[in-house]
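**Student:** My questions all concern the structure below.
Please treat every number below as a calculation from the coordinates, not as lab data. Since the model is a prediction, treat every value here as computed from it, not as a measurement. Ideal geometry is used to build each Cβ from the backbone, glycine not excepted, and the neighbour counts take in all protein chains shown.
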Amino acid sequence: MKNVSLKIDDSIFGETEEIRSRIKKPRNRYINEAIDYYNKVQRRLCLEAVLEKESALVKEDSIRVLKEFETIDYLDKSV
């Protein structure tokens, strides 16, 4: 486990202490869980950005392929 020293805004600290005391959770555990949750959110946002970029790269090809499939489907029905 690593030791970290950080400065927290007074309002955030006060709210954290209030919530933490209500749920009877140690400060260290509460902050670790908060950081873990925030990391998961950030990883998801990073993945979303990558997927949006990759989707934009293949968009034109995807539309072309879909149009080809529509043409094939239309030809099959007319036979």
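**Student:** Report the residue, chosen from 66, 57, 45, that carries the largest GNM mean-square fluctuation when the chain is represented by alpha-carbon nodes joined by springs under 10 Å.
**Tutor:** For the chain, modelled as a Gaussian network with Cα springs under 10 Å, the answer is 66.
**Student:** What net charge do the residues around residue 24 carry, taking every other residue with its C-beta under 13 Å from that of residue 24, with Lys and Arg at +1 and Asp and Glu at -1?
**Tutor:** +3
**Student:** Please identify the trypsin sites (Lys or Arg not before Pro) of the range 15-65 that satisfy two criteria: DSSP loop assignment and at most 11 other Cβ atoms within 10 Å. Which are they?
**Tutor:** Counting only loop positions with at most 11 other Cβ atoms within 10 Å, the trypsin sites (Lys or Arg not before Pro) in the range 15-65 are 24.
**Student:** Can you tell which of 66, 56, 1 lies farthest toward the positive end of the dipole of the chain, using +1 and -1 charges on the Cβ of basic and acidic side chains (Lys, Arg; Asp, Glu)?
**Tutor:** Working it through, the farthest residue towards the positive pole turns out to be 1.
**Student:** How large is the helix-only mean residue ellipticity at 222 nm for the chain, computed as the sum of -39500 (n - 2.57) over DSSP H runs with n ≥ 4, divided by its residue count, in deg cm²/dmol to the nearest 500?
**Tutor:** The helix-only estimate for the chain comes to -30500 deg cm²/dmol at 222 nm.
**Student:** What size of dipole, in debye to the nearest 20, comes out for the chain about its Cα centre when the only charges are +1 on Lys and Arg C-beta atoms and -1 on Asp and Glu C-beta atoms?
**Tutor:** The dipole of the chain has a size of about 700 debye.
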